[in-house]
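Below: the structure, in structure tokens.
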Amino acid sequence: MTLSALVNLSLGAILIENFVLVRFLGVCPFLGVSKKQDTALGMSLAVIFVMTMASAAAWAVEEFLLEPFEIGRLRTLAFVLIIAALVQLVELFMQKAAPALHKSLGIYLPLITTNCAVLGVALINSNSGTGFIESVLFAFMSGVGFMVALMLFSSIRARLEFSEHPEAFEGFPIALVTAGLLALAFMGFSTVEI
């Protein structure tokens, strides 16, 4: 694969095919942990790690287990088990290494297991038939795209706390309007040729 193809794949995963703002996958943690930038960063790093490792493991399971034994119909189950195991490892690590962050992420950390963006990356890679390097790069850059979206949204939400808006939009409604406007901005990248 050429360097320009890798750059296209990377920019496409971050901007054009952003899982949160274009594909609308992984919206629960996007809305749930975006109130503070430190929790948003912690969740983003956890999602990047889980997406990348899950994609690598899913590629190996697909290539060496599911395809040779012709049990592709168990793909989703196998991928969910891989993701659940990785999330448990991340949670145990965070509990020991960063207990404050672990506590602030709360229920959203174990919910990475059911985060449809993580499973979506593994399934997209599996369905597209890409090689190992492309699968891992796409997963990593999709995680970076998740991080970009989450950090942008977290910054905007921090600024919204001090801005004036109608009383009916206080709290979560203004966050939803903002998320919609941010999604519209990212959808504009899909019309640009790279």
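Mean separation of Cα pairs under 8 Å and 6+ residues apart, divided by the residue count of the chain: what relative contact order is that in percent?
Numbers: 213 pairs, mean separation 80.1, N = 194.
Value for the chain: 41 percent.
Ranked by accessible surface with a 1.4 Å probe, highest first, in what order do Val61, Val90, Val177 come? Don't skip to the answer; put the middle values down first.
Numbers: Val61 35, Val90 15, Val177 65 Å².
Ranking Val61, Val90, Val177 by accessible area, largest first, yields Val177, Val61, Val90.
Run the accessible area of segment 1-119 with a 1.4 Å probe and give the carbon-and-sulfur part as a rounded percent.
Values: 4340 of 6130 Å².
The C+S portion of the solvent-accessible surface of segment 1-119 is 71 percent.
If you plug each phi of segment 86-95 into the Karplus form 6.51 cos²θ - 1.76 cosθ + 1.60 with θ = phi - 60°, what whole-Hz ³J(HN,Hα) values come out, in order, with x for Gly and Pro?
Those phi angles translate into 5, 5, 4, 4, 4, 5, 4, 4, 5, 4 Hz.
Apply the Karplus curve 6.51 cos²θ - 1.76 cosθ + 1.60, θ = phi - 60°, to the phi angles in segment 163-180 and return the couplings in whole Hz, x for Gly and Pro.
9, 9, 8, x, 4, 5, 9, 4, x, 5, x, 5, 5, 5, 4, 5, 4, x
Would the chain count as rounded, prolate or oblate if I go by the C-alpha gyration tensor, calling it rounded below 1.5 in a/c and otherwise prolate when a/b exceeds b/c, oblate otherwise? Please list the in-between numbers first.
Working: a/c = 2.24, a/b = 1.42, b/c = 1.58.
Because a/c hits 1.5 or more and a/b fails to exceed b/c, the chain counts as oblate.
Quick one: net charge of Ala117's neighbours, Cβ under 13 Å, K/R +1, D/E -1? Intermediate values should be presented prior to the final figure.
On the way: positive: Arg23; negative: Glu17.
Within the 13 Å Cβ shell, the charges total 0.
Taking Cα atoms, how many degrees apart are the long axis of helix 37-61 and the longest axis of the chain, rounded to 10 and kept between 0 and 90?
Long axis of 37-61 versus the principal axis of the chain: about 10 degrees.
To the nearest Å, what is the center-to-center distance of segment 1-75 and segment 143-194, using C-alpha atoms only?
Distance between centres, Cα-based: 20 Å.
Leu105: accessible area at probe 1.4 Å, nearest 10 Å²?
Number for this one is 0 Å².
Per residue, how much accessible surface does the chain expose to a 1.4 Å probe? Answer in Å², no decimals. Numbers along the way, then the final one.
Working: 10300 Å² over 194 residues.
In whole numbers, the chain has 53 Å² accessible per residue.
Once the whole set of protein chains is in place, how much accessible area is left on Ser104, using a 1.4 Å probe, in Å² to the nearest 10?
In the full protein context, Ser104 sits at about 60 Å².
For segment 55-154, which chymotrypsin sites (Phe, Trp or Tyr not before Pro) pass both filters: DSSP loop (anything but H, G, I, E, B) and at most 10 other C-beta atoms within 10 Å?
Phe69
Quick one: what are the phi-derived ³J(HN,Hα) couplings along segment 24-33, Karplus 6.51/-1.76/1.60 with θ = phi - 60°, whole Hz, x for glycine and proline?
Values per residue, Gly and Pro as x: 6, 10, x, 6, 4, x, 4, 7, x, 10 Hz.
The values are calculated or read from the model by the stated rules, or taken from the named source; none is laboratory data. Just so it is clear, the model here is predicted, and its values are computed rather than measured. Note that each Cβ is placed from the backbone with ideal geometry, even for glycine, and that neighbours are counted across all protein chains shown. The area values use the complete protein model at the heavy-atom level, side chains included, leaving out ligands, DNA and RNA. Shrake-Rupley method; radii C 1.70, N 1.55, O 1.52, S 1.80 Å.
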